[in-house]
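A short write-up of the structure that comes next.
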Amino acid sequence: PLAELAKAYNKPMVIGTTGHGKEDRLAIEKTAQFIPMVWAGNFSTGVNLLFFLTQQAAKVLNSQSDFDPEVIEMHHRLKKDAPSGTADRLLEILKESRQASDDDISHGREGMPGERKPTEIGSHSLRGGDVVGEHTVIFAGIGERIELTHRATDRVIFAAGALKAAKWVFDQQPNLYSMQDVLGLNS
């Protein structure tokens, strides 16, 4: 409905909500043929840089490299979903780079799960206190480990990113854009 209103008045749009059904996603994509839209589940500049850096590292540290990927995220005690949408996106990036499936994701470990499978991608969700959001991607190799971490300590970063997207989208042609586009990371 809001996308149709923006289309009717020929106004650019920024969408920051997640959890859209297939029908809603298709409607947004269709509307983006007529007006410029930025759609992101997370508007933090740092998180979007983390997505980019994870993509770059995953290209090098793919399934042939003997580096084992893990995603660890932590949020406040009141967060209802796990893993977070940001962690889900990081897992998607790793799955794409390794040509893996949802079956390759190991959500936590307990008991005697056995040795790590070569295609396994670990996912761990922590909840406690008032943590705004922390996400770490680990590539653990033999004799070395690479960790990419983003820590949000104030929710104002999400609003600042959305404002950056709103200023940027104003001069764009009709299309569906991401924060990667806004930040110039897709160039």
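Some points to look at:
- Taking 0.36 nm per residue of sequence separation and removing the Cα-Cα distance, the A159/S178 pair yields an extension gain of 5.3 nm.
- Segments 123-130, 155-162 sorted - mean Cβ within 10 Å per residue, highest first: 155-162, 123-130
- Calculated on alpha-carbon atoms, Rg and Dmax of the chain in Å: 18.1, 59
- Within the accessible area of the chain (1.4 Å probe), percent carbon and sulfur: 53
- Rounded accessible area per residue of the chain, 1.4 Å, Å²: 60
- Tail weight of P(r) past 21 Å, computed on alpha-carbon pairs of region 73-172, percent: 48
- Computed from point charges on the beta carbon alone (+1 for Lys and Arg, -1 for Asp and Glu), the dipole magnitude for region 1-78 about its Cα centre is near 400 Debye.
- Cα-centred dipole magnitude for region 49-116, charges only on beta-carbon of K, R (+1) and D, E (-1), debye, nearest 20: 300
- Backbone N within region 102-116 under 12 Å of label point (7 Å from A82 Cα along the Cβ vector): 107-109
- Cα-based Lys pair tally, the chain, threshold under 16 Å, eight or more apart or on separate chains: 6
- Contact order for region 1-140, expressed relative to its length and based on alpha carbon pairs under 8 Å spaced 6+ residues apart, stands at 29 percent.
- Estimated from helical segments only, the mean residue ellipticity of the chain at 222 nm is -10500 deg cm²/dmol, where each DSSP H run of four or more residues counts as -39500 (n - 2.57).
- The modelled label-to-label distance between T149 and E96, using points 7 Å beyond Cα along the C-beta direction, is 2.6 nm.
- Local electrostatic count, R155, Cβ distance below 15 Å [Lys/Arg +1, Asp/Glu -1]: -1
The values are calculated or read from the model by the stated rules, or taken from the named source; none is laboratory data. This one's a predicted model, so the numbers in the text were calculated from it and none came from an experiment. No Cβ is skipped: glycine too gets one built from the backbone with ideal geometry, and neighbour counts run over all protein chains shown. The area values use the complete protein model at the heavy-atom level, side chains included, leaving out ligands, DNA and RNA. Shrake-Rupley method; radii C 1.70, N 1.55, O 1.52, S 1.80 Å.
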